[in-house]
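See below for the structure under consideration.
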Amino acid sequence: MGYVFDPARLCEISKIGIGLPHPEMFQVITDELARSFPGRITTEPEWFFNNAGGAMGMLTILYASWKEYLIFFGTPIDTTGHSGRYSFIEDHCFLLDGEMWYYAAGQTEKTVYRPGDTIYLGKGQAKCYRVVDHAWILEYARGPIPTMLPFGLADSLFSTLDYKTVFRTFRIYGRHVIRNTFRR
């Protein structure tokens, strides 16, 4: 059984919203995703906070299963943090609005990403990132998604003590996984 999504197609779709006001940007991308992947995309956003690697943002899940997720993620203000290091996950971030800076260990100059750029984090890689003022991305990850949960929830569990967000994460992600586990 293969993957539902192709990163190249997601990159194409992400670009149709660039330059639009945020609500319209999210809507036109969501609509095109729903047309391209019938019955797979959640079209009603449920935004919730995410604290991970020292950075804070918010996200809404468009699709999630045991081995893939597709989300809008971002923040209207700046933030900085660690990307996480996932041994079995490939992560593709399609920058929709704003600017993000990245660097890897040993990299003495930052890499700057702007709308239309793709940020790729391969298996076992990690980077530091900064959202400069604000940024919004369409993020696609593939691999054993539950292996990402410890990183994705540790800050909320042990630092911010935001158990409401932990509960919402499990509830919303779980609902998607159940729905997509029994879908062909």
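Laboratory data are not the source of any read-out in this text; all were calculated from the coordinates shown. Since we're looking at a predicted model, the values are computed, not measured. Neighbour counts are summed over all protein chains in view; Cβ atoms, including those assigned to glycine, are modelled from backbone coordinates with ideal geometry.
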Note: the stretch 89-184, point scatterers on Cα, Debye, no solvent; log10 I/I(0) at q = 0.12, 0.20, 0.22 Å⁻¹ equals -0.51, -1.20, -1.26
Per the helix-only model, the chain has a calculated mean residue ellipticity at 222 nm (DSSP H runs of ≥4, -39500 (n - 2.57) each, divided over all residues, rounded to the nearest 500) of -9000 deg cm²/dmol
Taking K15 as the anchor, which aspartates and glutamates have their alpha carbon closer than 12 Å to its alpha carbon, excluding any fewer than eight residues away along the same chain? E32, D97, D117
Please identify the DSSP H helices in the chain that span no less than 15 Å along the helix axis (Cα) and have a mean Kyte-Doolittle hydropathy of -1.0 or more. 22-36, 163-181
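Please rank E46, E109, fewest neighbouring Cβ atoms within 10 Å first, as an exposure proxy. Can you show the working numbers first?
Numbers: E46 12, E109 6.
Result, fewest neighbours first: E109, E46.
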The stretch 109-125 versus the stretch 60-99: alpha-carbon centroid distance in Å: 11
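Taking the beta-carbon count within 10 Å as an exposure proxy, list W47, W136, W101 from fewest neighbours to most. Intermediate values should be presented prior to the final figure.
Numbers: W47 13, W136 22, W101 16.
The order, fewest Cβ neighbours first, is W47, W101, W136.
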Using amide H atoms built 1.01 Å from N in the peptide plane, name the residues 5+ places from R40, or on other chains, whose amide H lies under 5 Å from its own. none
List the lysines whose alpha-carbon lies under 21 Å from that of K67, not counting same-chain residues fewer than 8 positions away? K123
Partner lysines for K110 [C-alpha distance under 20 Å; skip if fewer than 8 residues away on the same chain]: K127
Ranked M58, M148, criterion: other C-beta atoms within 10 Å, fewest first: M58, M148
